[in-house]
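Take a look at the structure below.
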């Protein structure tokens, strides 16, 4: 009994110290400390040769967002009516709509352990537990007034929900959006963004690294400009590198950021394989799944995470470059 009491006392003391430490450093510094101390795994994706392509019947509704439920099942959002469906990757089938209540129209989805996190068209956050129907609905919380998102994902290492704000067009055709963190314990959106995402930073990275960019883009006002059309449609966190992947469906671009908002890689997806990429998610082993919402050839493309056991200067490569 004494040993058990002592062990419990130690755990309580450690929890108190951790809480005080978090209080002292503050939420923002805590986030950056977690990001800096993450043990990154080196590896790369081969975007030309996917490990699997799951094809669905022609005319199947597209998916605005997806998240992994287990090793063979995804949960997806159909953008036409905002319904939630279960996707079976083994037999390439899609279930009927989950019964979550007709008054909700969902636009984005993520998962924390067994809890599904859903964002509706009014930017309210919903929490659903198994068996994922109206009986397991937990609650919904406001993000903030007039806040419109273009994508959400769960950040495992800080237990935060990441939300991308709506894209805004800046001067000279440049566009910008912000990445915010939603505290799932307090059910509250952090007022200040973690960092800004801009098309100019992506273009600068691509030019400095001799990476090709699409030459023409159309501004919000309809003008044809030269440069990158960047309109995020999905966001996901790589479980092996802690890096933030942002997908733009309009120009099939995939941008990778580190936890401090710096662009670390960029690529344009192949038009034949990714004719209209809209959603993406990671499996626990690091494999990347991208949904292709082409009504003629709807599919989910799986890209294997190739771990590197030895790499130059301790840094892995991405996209096979």
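The values are calculated or read from the model by the stated rules, or taken from the named source; none is laboratory data. Nothing here was measured: the structure is a model prediction, and the numbers come from that model. Cβ sites come from the backbone with ideal geometry, for glycine too, and all protein chains shown count toward neighbours.
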Exercise for the section: With the condition kept exactly as written, say whether any residue in segment 103-111 is at pLDDT 90 or above, over 17 Å from residue 233 (Cα atoms) and either surrounded by 18 or more Cβ atoms within 10 Å (Cβ to Cβ) or out of contact with any helix residue (DSSP H, G or I) (no Cβ under 7 Å at 6 or more places or on another chain) (or both). Expected result: yes
Completion exercise
Within segment 73-102, restricting to residues that are loosely packed, with under 14 Cβ neighbours inside 10 Å and touching a helix residue (DSSP H, G or I) at 6+ places or on another chain (Cβ under 8 Å), the one that is farthest from residue 62 (Cα to Cα) is 101
Handout entry: Filter result for residue 46 (out of contact with any strand residue (DSSP E or B) (no Cβ under 6 Å at 6 or more places or on another chain), at pLDDT below 90 and surrounded by 14 or more Cβ atoms within 10 Å (Cβ to Cβ))
Key = no
Exercise for the section: Check segment 296-308 and report whether any residue there is closer than 22 Å to residue 91 by Cα, more than 15 Å from the chain's Cα centre (by Cα) and at pLDDT below 80. Expected result: no
Practice task
Filter segment 271-294 down to residues that are modelled with pLDDT of 90 or more, more than 18 Å from residue 214 (Cα to Cα) and part of a loop (DSSP other than H, G, I, E, B), then give me how many there are.
Solution key: 5
